[in-house]
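Let me begin by presenting the structure, written as structure tokens, before commenting on it.
What follows draws every value from the coordinates through simple rules; no lab data is involved. None of these values were measured; they are calculated from a predicted model. As a convention, Cβ positions derive from the backbone with ideal geometry for all residues, glycine included, and neighbour counts pool all protein chains shown.
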Amino acid sequence: MGRRGDLSGEKDDRQDIEEIAGNGLLHRRALLRTGLTAGVLGATLGPHATGAAAEPLSEPPWGLTVGEDTPPYQGPSKFSKNIVRSLANPKFEPRSSLARTPHHMLEGSLTPNGLHFTINHTGIPDIDPAAHRFVIHGLVKRPQVFTLDALLRYPLTSRPAFVECGGNSAPLFSPIPIQDNVQALHGLASCAEWTGVKLSILLDECGIDPRAKWFIAEGADGPHLMRSIPLAKGLDDAMIALYQNGEPLMPGNGFPMRLVLPGYEGNMNVKFLRRIKLVPGPAMSFWESQVYTEPMPPGKSSGGKSYNFNFLNEVKSYITRPSHGHVLKEPGVYEISGIAYSGKGKIAKVMVSADGGRSWAEAALQGPVQTKAFTRFRLPWRWNGGPAILQSRAWDDTGAFQPTRSEFVAARGQLDSEPPVTAFRNHHCNVITSWAVSGRGKVTHAYA
Amino acid sequence: MPMRKMLALFAFAFAGPVLAFPVLADTPHLGKAVSASDVAKWDIDIQADGTFLPPGEGTAAQGAPIYVAKCAACHGDGGRGTEQAKSGKPAPPILVSDAKLKGMDASHTTIANYWPYAPPLFGYIRAAMPWNEPRSLSDHEVYALTAYILAENKLIDPKLVLNAKSLTKVQMPNRNGFLPRFPDLMPH
């Protein structure tokens with residue numbers, strides 16, 4: 001894909017590949033068939049499948065000279081310099097700073113460390129890992145303090161897990177589709193392979209007092225952010241993460257250690273973790289009393305009450321390519337690619353529509369499909385040059401699935417007016433995302 | 001149960017009177033024991049019902065000058081918010097408001113119309129504020145600022161001496177305004 005967002009299709013000489021859903025969706029294996037089916041598809045996927053005749057090849061300059069020195073820690077190519085996070089508080093005013101992941105320029109199912117989303121409420125702390133201490137106390141028989149060196153001697157486990165801010169996708173509470181890209185709409189979610197110590201091991205060593213029902217997790221940075229977490233989650237799959245995609249945690253992602261609660265809203269995955277206290281009840285901290293709650297419109301399922309303890313990020317997906325801001329240069333075959341995930345388990349199925357939800361085709365899931373992690377889905381699509389509305393809809397292995405726009409608004413409501421795109425206020429929006437493709441190939445955010 | 005763990009428990013059963021607790025040989029046990037006094041400076045969480053509130057006290061009158069000196073630059077005069085906050089742009093929150101809850105729009109939630117408990121206000125100020133100098137306030141100053149914000153919101157008598165006992169008794173108007181989103185995941 002072009003780095004300015006141009007997508008080059010392939011010449012439209014594959015008309016004999018049968019559509020399996022409306023407006024040009026092809027079977028998820030249509031372009032992967034080999035062997036037995038080669039005879040059927042050979043004519044269309046042969047030498048002429050890549051479009052106009054190539055020009056004669058010449059020797060490019062980079063092969064005729066010595067290249068750059070090899071750096072000790074490599075960064076991206078200078079040609080990738082626009083693949084960066086977007087900042088919601090670039091002047092570092094005295095409030096939270098947010099950086100969103102550029103999903104529309106990435107592929108695969110793990111987020112590069114430098115592009116992992118982050119929210120820092122009082123800046124990024126400068127923590128000396130040798131001086132950092134992590135304590136477990138409260139309703140335990142043997143309160144203890146751990147150093148990073150000590151934790152590195154424990155059995156470590158690695159697993160992918162997405163982390164998603166409860167406020168990710170909040171712009172979709174707007175009554176009109178906010179004209180911004182997948183980074184602005186859904187960039188407060190990322191996925192990494194986390195390596196660390198299972199919290200259950202440490203809790204077991206400290207000896208849990210049976211009166212403990214919750215634990216408070218607290219960070220070492222300025223806000224000393226505290227979240228109340230059911231003890232059962234701590235004993236299930238909670239991890240004290242020390243590594244992110246194989247290297248020590250990024251400073252903005254919790255260095256030197258953070259709590260990872262797979263599937264639970266990002267704010268609960270406390271960064272710069274310094275303290276866990278087992279307690280009988282929740283703290284109802286600022287984060288639990290106001291920020292990460294869900295005021296509900298009258299007449300909905302909550303009976304006029306607001307929701308709190310909104311732990312889970314429920315099943316969600318969005319197409320990242322093509323998406324808002326991309327331009328399709330010419331009719332032809334494109335691959336639709338996107339991300340799906342669920343805080344409840346594994347992605348079971350992703351359906352894709354090119355006609356605004358009238359017909360659907362099942363996307364291919366890139367394996368291995370792992371629980372509470374990003375799953376990449378892909379599907380070939382032949383754009384005929386006319387208007388199209390691209391959507392994805394994911395199911396998880398508990399049977400939960402994404403609501404349509406009308407289902408979502410009926411259950412949860414929508415705001416009366418367009419909110420600022422960077423200021424998430426309402427949370428846990430997992431409605432289907434729609435991208436409209438115009439007859440000129442321009443892709444924009446839409447509601448359908 | 002892993003064999004090693006079984007053996008360790010078996011050993012404990014016979015050595016019980018000697019050892020204070022079972023030694024489970026199969027995890028490293030590399031933590032160092034800490035006492036409550038070791039942890040005291042970090043032990044700053046407050047339960048919703050006021051459990052763990054520290055000694056100390058303060059009044060709104062004592063809180064007012066502290067507010068002016070340390071809080072007003074970000075939260076506006078009298079806690080009413082900066083111009084940026086009032087215009088709805090991202091900004092430090094408005095602390096004092098008589099706004100009513102308005103449907104689902106979370107930008108209308110305030111301490112007075114939304115927070116179900118008062119002790120977390122003390123907990124948050126003590127843990128996180130002032131923004132540029134967290135953990136710099138004494139517990140007396142935190143009680144005084146808490147009293148100031150509650151009094152400005154007309155949630156307490158402005159003369160009330162706020163301490164662990166009186167803060168616990170403050171009734172917040174939206175105390176019963178919430179339902180847990182995932183009841184099955186709540187501890188029983």
Query - Cα-based reach from residue A:271 at 17 Å (exclusive), listing aspartates and glutamates while leaving out same-chain residues under 8 positions away - result: A:126, A:128, A:164, A:193, A:218, A:221, A:237, A:247, A:288, B:45
Query raised in the report: In nm, to one decimal, how far is the modelled label at residue A:32 from the one at residue A:247, with both set 7 Å along Cα→Cβ?
Result: 3.1
Query raised in the report: Based only on the alpha carbon positions, what is the Kirkwood hydrodynamic radius of the stretch A:74-135, in angstrom?
Result: 13.9
**Report entry** 18 Å Cα-Cα threshold exceeded, pairs from B:100/B:154; A:213/A:372; A:305/B:102; A:349/A:372; A:277/A:344; A:141/A:213
**Finding:** A:213/A:372; A:277/A:344
Requested in this report: Compute the relative contact order of the stretch B:63-106 as a whole-number percentage, counting only Cα pairs closer than 8 Å that sit 6 or more residues apart in sequence.
Outcome: 26
Requested in this report: Starting from the coordinates of the alpha-carbon atoms of chain B, obtain the Kirkwood hydrodynamic radius over all distinct pairs and give the value in Å to one decimal.
Outcome: 19.7
Report summary line: Averaged over all viewing directions, the convex hull of the alpha carbons in the stretch A:131-288 casts a projected area in nm² of 10.0
Query raised in the report: Assuming R0 = 25 Å, what is the FRET efficiency of residue B:159 and residue B:68, from their Cβ-Cβ distance, to the nearest 0.05?
Result: 0.80
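Using only the Cα atoms of the stretch B:120-188, build the gyration tensor, take square roots of its eigenvalues as a ≥ b ≥ c, and label the shape rounded, prolate or oblate: rounded if a/c is under 1.5, else prolate if a/b is larger than b/c, else oblate.
It comes out oblate by the Cα gyration axes.
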Report task. With +1 on each Lys and Arg Cβ and -1 on each Asp and Glu Cβ, and nothing else charged, work out how big the dipole of chain A is about its Cα centre, in Debye to the nearest 20. Result -> 920
Query raised in the report: To the nearest 20 debye, what is the magnitude of the charge dipole of the stretch B:61-137 about its Cα centre, counting +1 on the Cβ of each Lys and Arg and -1 on the Cβ of each Asp and Glu?
Result: 80
Report task. Return the tail of the calculated pair distribution for the stretch A:385-440, meaning the percent of Cα-Cα pairs more than 15 Å apart. Result -> 64
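Within 10 Å, count the other beta carbons around each residue, average over each peptide in A:131-143, B:108-120, and list them highest first. Let's see the in-between values first.
Working: A:131-143: 18.8, B:108-120: 22.5.
Sorting A:131-143, B:108-120 by mean packing, highest first, produces B:108-120, A:131-143.
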**Report entry** Per-residue [θ]222 nm for chain A (sum of -39500 (n - 2.57) over DSSP H runs n ≥ 4, rounded to 500)
**Finding:** -2000 deg cm²/dmol
**Report entry** Proximal aspartates and glutamates to residue A:442, defined as alpha-carbon separation beneath 20 angstrom and excluding residues fewer than eight positions away on the same chain
**Finding:** A:6, A:10, A:12, A:180, A:330, A:335, A:355
Report task. State the volume of the convex hull built on the alpha-carbon positions of chain A, expressed per residue in Å³ and rounded to an integer. Result -> 178
Requested in this report: Please give the peptides B:86-93, A:279-286, A:434-441 ranked by average Cβ packing (other Cβ atoms within 10 Å per residue), highest first, as a rough proxy for protection.
Outcome: A:279-286, A:434-441, B:86-93
